[in-house]
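The values are calculated or read from the model by the stated rules, or taken from the named source; none is laboratory data. Keep in mind it's a predicted model, so treat the numbers as computed, not measured. Methodologically, a virtual Cβ is constructed for each residue, glycine included, from the backbone with ideal geometry; neighbour enumeration extends over all protein chains shown. To get the accessible areas, we keep the full protein, side chains included, count just its heavy atoms, and leave off ligands, DNA and RNA. Shrake-Rupley method; radii C 1.70, N 1.55, O 1.52, S 1.80 Å.
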Amino acid sequence: DAAGKTAAEYVWAYPPGVPLLAPGEEVTPAFLEAAAALAADGTALHHTGAGDAQNLAVLG
């Protein structure tokens, strides 16, 4: 549901701790596909918002 909206929080992969998405950036289908592929490969994805890893805070 976040595709096409503006991220309101950071998302990063750990390891290595690299930011994948920053507040103010558009949540693109390409980002969602990459995040799903990383998670499927065992990379832990984290975000700065409260809640579970399946929900991302967005604007509008």
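Of all residues in the stretch 25-59, those being exposed (fewer than 12 other Cβ atoms within 10 Å of the Cβ) and either at pLDDT 90 or above or farther than 14 Å from E9 by Cβ (or both) number 10. The criterion of being at negative phi, aliphatic (A, V, I, L, M) and either free of Cβ contacts under 8 Å to residues at least 12 places away in the same chain or part of a helix (DSSP H, G or I) (or both) holds for L38. The residue pairs whose first member lies in the stretch 12-26 and is closer than 15 Å to A37 by Cβ, whose second member is in a loop (DSSP other than H, G, I, E, B) and open to solvent by 60 Å² or more (accessible area, probe 1.4 Å), and whose beta carbons are closer than 8 Å, counting only pairs six or more residues apart or on different chains, are L21/Y10. For the stretch 10-24, a residue qualifies if it is open to solvent by less than 40 Å² (accessible area, probe 1.4 Å) and assigned to a loop (DSSP other than H, G, I, E, B), and the qualifying residues are G17, A22.
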